[in-house]
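The values are calculated or read from the model by the stated rules, or taken from the named source; none is laboratory data. Note that the structure is predicted; figures quoted are calculated from it, not measured. Every residue, glycine as well, gets a Cβ built from its backbone with ideal geometry; the counts of neighbours run over all protein chains shown.
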């Protein structure tokens, strides 16, 4: 299991290689890469992500463990960036390896939905109009709730 919180960009191909090297039981890998996007009327100059070191990694491990309990996950990676990011920068990678695609897809989506609500990250956007903290979205909360059925 790969869990990283880092300032540096990530290479998804290298992470995939890290997951599969020496294994022949993996039949599917589902992945998600999130990018910093600019949807504001006032163009986004930068997004700064802060976190609580130690607590954040434990929260990511807990989310990964929940996914492993629900689906047949052979291995996974969660890499989340912190620090100053610009529009179009990679911000998060979730990669799930399984014997079958259904488990890989479901676990990947579950992890992302939980990350948006349960991981202790704080985002501040800076634009020409100033800085503001990003609030949690109701759509993210709704996405997580579908897994509680």
Looking at residue 46, is it over 17 Å from the mean Cα position of the chain (by Cα), touching a residue at least 40 places away in the same chain (Cβ under 8 Å), closer than 18 Å to residue 122 by Cβ and not in a helix (DSSP H, G or I)?
yes
From the list 33, 79, 91, 111, which residue is under 15 Å from residue 4 (Cα atoms), touching a strand residue (DSSP E or B) at 6+ places or on another chain (Cβ under 8 Å) and part of a helix (DSSP H, G or I)?
111
Quick one: residue 9 ticks every box in (1) surrounded by 13 or more Cβ atoms within 10 Å (Cβ to Cβ); (2) under 27 Å from residue 128 (Cα atoms) except a single one, so which number is it?
(1)
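Here are 119, 107, 77, 64: which of them is modelled with pLDDT under 90 and surrounded by 18 or more Cβ atoms within 10 Å (Cβ to Cβ)?
Only one candidate qualifies: 119.
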Can you tell me how many residues in segment 13-30 are within 17 Å of the chain's Cα centre (by Cα) and outside any strand (DSSP E or B)?
5
Where the second residue is assigned to a strand (DSSP E or B) and at pLDDT 95 or above and the first is on the phi < 0 side of the Ramachandran plot and surrounded by fewer than 16 Cβ atoms within 10 Å (Cβ to Cβ) and lies in segment 80-102, which pairs have Cβ atoms under 6 Å and are six or more apart or on separate chains?
100/28; 101/28
